[in-house]
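**Q** Before I ask anything, let me first share the structure, which is written out below as structure tokens.
Every number in this text was worked out from the coordinates using simple rules, so none of it is lab data. Since the structure is predicted, the reported quantities are computational estimates derived from the model, not experimental observations. Ideal geometry is used to build each Cβ from the backbone, glycine not excepted, and the neighbour counts take in all protein chains shown.
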Amino acid sequence: MPKVAVAPESTNAAVADVLQKEEMMFATTTDDGFGGQDFRPQAKTQAEPETQTQAKPQNPAEVIDAIRREGLTGRQLRMARRVAQKQGLAPVSDYDAVRLLREKGVDPFKRSNMLELVVPKGDGAGSETKAQLPSTVTAKPSLPSTEVISEDRRATEIMAIQRDIAKRRRRRATLLAIRMMVFVLLPTFVAGYYYYVVATPMYATKSEFVIQTSDGAGGGQLGGLFSGTGLANSQDSIQAQGFLQSREAMLRLDADEGFKAHFSQPNIDALQRIELDSSNEAAYSLFQKHVRIGYDPAEGVIKMEVSAADAETSARFSEKLIDYAEERVDAQTTELRKDQMSGAEESRIDAEAKMRAAQDRIVELQEKRGVLDPGSEVAAIFGQITQLETELLTERISLQQFLANPRPNNAKVGASENKIAELQKLIAEYRGQLTESNANTGSLARISGELMVAQGDLAMRQEFLAAAEAQFEAARLEANRQVRYLSVSVSPVAPDEPTYPRSFENTILAFLIFAGIYLMVSLTASILREQV
């Protein structure tokens, strides 16, 4: 785009045009409400821009630094660059664009220059060479109208506006009423008609039961601490609740009492009726609606409500479900009790058998060795040996007395020596009975050792048997303590009036639900409309 040079005279003409417009604006005789206050800026001579232009520094870096200190906004700098590009300049930065425009005599922030950026370019060749100069057409002052509006006309216009507003309000109110009728009242009427006319009456039987143990104190200090609360059997109660709400309970109830056949009767409405050959999933969904189980953890009470098309069937269903729950609660600890009792019983039987084997070993040794009590036998032999040694010592003393005589009696000396030899022989024989082995019975020491080992084994087996007996008794007590049984606090009684449907409550609930849905949809639509 070719560069177009603008003479300083064009700038002076633009300034004169602005001053002339200001004089015409403030020269009007119409009262503007500010009295004699003069808001015109101080008069500036045309020579002032020239003086400023001459006073500008010649160094571009200093000029750009001075422009930076002016505090221009980003929008002004971008506008200056666009004006510079419009004028055919090639600035290296936004501040350089302001400097080049000012050197050229163009105010980059003048409104006319900003508006030229959105004016389409001319198609002819001459449009590229024309300079964009401000208009010199003298603008006429905008004076207020002299037309006088009468009171009747003003009232007529106000009434027309009010009628238009009332008409629009009536139209909006009519549309709102139609929407409320279609989306809220009509569905509510359909729901109320179903609850009051179509729905089949259902009879609900309520019952309450609690799971208890045979020993209320429980085992240990913690069992006694929680025995009076619902925490003692909370796990068993939760398991019973889960079983009553399971498919297994539904299948057993259908097999015993014909759950599917009852709810497939033709006198039941279509929303609550199932086909006789329907799937188990459909029957289970209906089972969850008509069998409601609640558990109170604070008291440990399970509350059950069973509804059916007639009162007797409802009570029968409830009794069957209570029987199923009692069987399941009893079966929860059966295996555990069996394992504990069987293990303790096996340990007791094994200990008793080993103790009897030890006793048989002792009897066998006694019969084989011919010794009833090795201790008594050894004590008797030791007593005889002691007596013989005493006699031997006495005889040796006598022999020494005989030999001490200058003329000893040979007959007495010989007799004493023979007696000493016999005593020593007897002592050796007795000692041999203690240590030497016999071909049939063995040595007394060996017999005594074997019997002592057998008796020690017997004593150990007796201790094991006592421990096994104690363990068996503890297992029996623990098994009795773990027995669970179901205690029915509120027995199922057939009602004499239908419990469901609760027509009025359900109709009000349907109205609130449809109104809430309509409100949410309308708010969402309004928000989307505002965003669009």
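**Q** With a 10 Å radius around each residue's Cβ, average the other Cβ atoms per peptide and rank 494-507, 289-302, highest first. Show your work: numbers first, answer last.
**A** Details: 494-507: 14.1, 289-302: 15.6.
Answer by packing, highest mean first, reads 289-302, 494-507.
**Q** With Cβ to Cβ distances under 13 Å as the rule, what net charge do the other residues near Glu305 carry (K, R +1; D, E -1)?
**A** +3
**Q** If you bin every alpha carbon distance in the range 260-344 into 5 Å steps from zero, what whole percent lands in each bin?
**A** Going from the shortest bin to the longest, the percentages are 3, 12, 16, 18, 15, 11, 9, 7, 4, 3, 1, 0.
**Q** Just to confirm a number: summing +1 for Lys and Arg and -1 for Asp and Glu over residues other than Glu469 whose beta-carbon lies under 9 angstrom from that of Glu469, what do you get? Spell out each step's value before the answer.
**A** Values: positive: Arg348; negative: Glu352, Glu473.
Local net charge: -1.
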